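Written below as structure tokens is the structure these notes are about.
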Amino acid sequence: MQGSDNPVSKAVGSLPSLKQAQEWLTAKNSDAPRRVVPAALIYVRISRGFLEDYVDRTVHDRKPVTDCILGTRIVGESDTNGKIRLLLRPAFGKVTGEIAFDGTVHSHSTGYNGPAIIHSISDASFRARKPISMGPAGLNVGPATANAPTNLHTTGIETTLPRLRGRIAARIATRRNAASHDEAQAIASQHTAANIDKDLDKRIDQSVAKVRKVFELKVPGLEVDRGRESIMRYRSTTDYVEMAMIRDGATSEEIDLRPPTISGNPDFAIRVNRSLFGTTIGDSDLVKQLAPSLVKLLEARVMAKSLAAGGLEAESTSAATKWSIDRDWLVMDFTEADPAAADKSNTR
């Protein structure tokens, strides 16, 4: 979606006129003159739920099975059912957490070893974890590790040999199968875990580029040619992640000056200090500088929700985005609209 019909563009465009913004930021609208410039220049908070939607949530996957265990060639079909979640951990100085994939695998298979044909079913409950972290060096995603205890059950044994030879071969195959059952079950568990690792890595690698864009979000045009050195600081809680661009060498007094508090639990919140605007606070291009990064971040999500709702109006999207000026800060809080609720209101 492009142009004036883009609901996200309309949402971003709902920022009050910059002439008005400039008036709001003049000294007469402050309780007292501010001589100390806060250490934080840009502050961003993103909710866990907002980030979690960038990875697959529920998995129902049926696929063929091919394997070889103790010399037996195995073919069959498996059903994987599970749920992928993003788990955040409290940390200062970095964002840390893991992508969790928990579920079950049920399979029907047939093994071929010489004249013996072995029919089996297996059930595994798996627990996979893929670490994720964000710090000064960027976003890092580690390899998945899974544990998948498997219960292997033989449902029947037959042979390709006729009559007496077949019965003898079946008895031999039955004894050998019973003797190697525990070892075969352990190997099946290892192979199932390896397949889960591979599947999770593939799924998340396809989504991590989107997550990377969120973590590495920058507001273009604001920190350019300002003559300031800045560093990025990170923090995570179980419910959200925080990123802040801090002036290097800031004093403790400047660090103590916090951005405006965030009310409620918005999906995405940003605070931009007026010191970044400099003399350009009246520049009519400011919104154009802010809009691209926010549009890229929110547009796909809002469009998907709109389609799911059967045509969510742009006004509903705009209502979810709140712009304001709080003393020395430009404030934006975005809460994703509930298309189901909007759809109900549209049918009344």
Flagged in region 65-108 as buried (at least 16 other Cβ atoms within 10 Å of the Cβ) and either among the β-branched types (V, I, T) or not assigned by TED's automatic domain parsing to the domain that holds G142 (or both), in numbering order, are V65, I69, T72, I74, T80, I84, V95, T96, I99, V105
Counting just the residues of region 243-278 that are assigned to a loop (DSSP other than H, G, I, E, B) and of a type in the set (D, E), which one comes out farthest from F50 (Cα to Cα)?
D248
Residue among A194, A146 that is in a helix (DSSP H, G or I) and of a type in the set (G, A, S):
A194
Hits in region 122-175 - residues which are touching a residue at least 60 places away in the same chain (Cβ under 8 Å) and surrounded by fewer than 17 Cβ atoms within 10 Å (Cβ to Cβ)
G135, P136, G138
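Does L51 meet the test of being touching a residue at least 60 places away in the same chain (Cβ under 8 Å) and under 30 Å from A244 (Cβ atoms)?
Working: touching a residue at least 60 places away in the same chain (Cβ under 8 Å): yes; under 30 Å from A244 (Cβ atoms): yes.
The answer is yes for L51.
Whether any residue in region 154-161 is among the acidic types (D, E), in a strand (DSSP E or B) and over 20 Å from V55 (Cα atoms) is what I want to check. Even if it seems obvious, please write down each step before you answer.
If we filter region 154-161 for residues that are among the acidic types (D, E), which is where we start, we get 158.
From what is left, the residues that are in a strand (DSSP E or B) are 158.
Those still in the list that are over 20 Å from V55 (Cα atoms) too: 158.
Yes, that holds for at least one residue.
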Just to be sure, is R167 of a type in the set (D, E, K, R) and either touching a strand residue (DSSP E or B) at 6+ places or on another chain (Cβ under 7 Å) or within 22 Å of R73 (Cβ to Cβ) (or both)?
no
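The values are calculated or read from the model by the stated rules, or taken from the named source; none is laboratory data. Every value quoted in this text rests on a predicted model; they were computed, and no experiment measured them. For neighbour counting, all protein chains shown are included, and Cβ atoms are generated from backbone atoms with ideal geometry for every residue, glycine included.
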